[in-house]
């Protein structure tokens, strides 16, 4: 069975999407792993990092996005349901074994989900909070269950913030990786994430383990960056910090404009070389974390 890994930080702009798509591509291309990218963000950045807007529009027209699977799972009475195997877009960027479950700009928000859950609670004569937690517990698990054995790794790209779908994705994950910039606001996002995961663990709703924290957009060292790094190292321990840091690199942004990960678009770029090293380290840390070692 494959490992489900959340690429998550409550702060936006820390490189979650670029980390997700480039590690996924390296795993499939360089290590022949079967990899599924799951795009939770309504901005569909991960999706548009590996396919053109035209291809995405076609998928959306065919209802082949995460929204369809969320709808079907929440509203069991929807006619003509699609299986997740039919929704997944395969061999993206021409890489065998690299698949994506495309995001959607119209994913349910918490308000609409709240109305549906309230209806379910009344229909089943259940407590609203209990029904809400049950939906959080099973939503993403149920969506991924039919294909989890088809992949070595499933990487979930998270939006910033905290809502029912993101919590459900954390609960469906075995492991998580935190992309971070060495700046105070990034630390705030990490603190919010760790607080949420702690709450879920204390309620015995998850046993998710941290793979590590990876620095992105590294520039010239400053006193502020060094202070942030020292603070995070003291909090998480040196073994939980990736040695590989992703440098600021214009080629990473240019690759997104071409709807490809930088490791494909410009494999000799500094950012591409760093992502290949990060992927090798990811596999090492994954193996150690699964074995319960650091």
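Here, each number is a calculation from the coordinates, and none is a lab measurement. Treat the numbers as computed from the prediction; the structure is a model and nothing was measured. Here the Cβ positions follow ideal geometry from the backbone for every residue, glycine too, while neighbour counts run over all protein chains shown.
Each peptide among 245-254, 42-51 gets the average number of other Cβ atoms lying within 10 Å of its residues, and from highest to lowest they stand as 42-51, 245-254. Approximating the spin labels as points 7 Å out from Cα along Cα→Cβ, the residue 150-to-residue 234 distance works out to 4.8 nm.
Between the stretch 257-294 and the stretch 146-172, how many Å separate their Cα centres? Distance between centres, Cα-based: 19 Å.
Can you grab the distance from the C-alpha centre of the stretch 15-50 to the C-alpha centre of the stretch 89-108, Å, no decimals? Computed from Cα coordinates, the inter-centre distance equals 8 Å.
The value given for the chain is a Kirkwood hydrodynamic radius of 19.5 Å, derived from the mean inverse Cα-Cα separation. Between the Cα long axis of helix 223-236 and the first principal axis of the chain there is an angle of about 60°, rounded to the nearest 10. A simple packing score, the average count of other Cβ atoms within 10 Å per residue, orders the peptides 234-241, 13-20 as 13-20, 234-241, with the highest score first. If you count the DSSP beta bridges with both ends in the chain, what percent of them are antiparallel, to the nearest 5? In the chain, DSSP labels about 5 percent of beta bridges as antiparallel. The value of relative contact order for the chain, using C-alpha pairs under 8 Å at least six residues apart, is 27 percent.
Of the peptides 166-178, 63-75, the ranking by mean beta-carbon count within 10 Å, highest at the top, reads 166-178, 63-75.
Our summary gives the stretch 228-294 a relative contact order of 28 percent, counting only alpha carbon pairs under 8 angstrom and 6 or more residues apart. Taking only Cα atoms, what is the 0 to 90° angle, nearest 10, from helix 270-290's long axis to the longest principal axis of the chain? For 270-290 against the chain, the angle is about 60 degrees.
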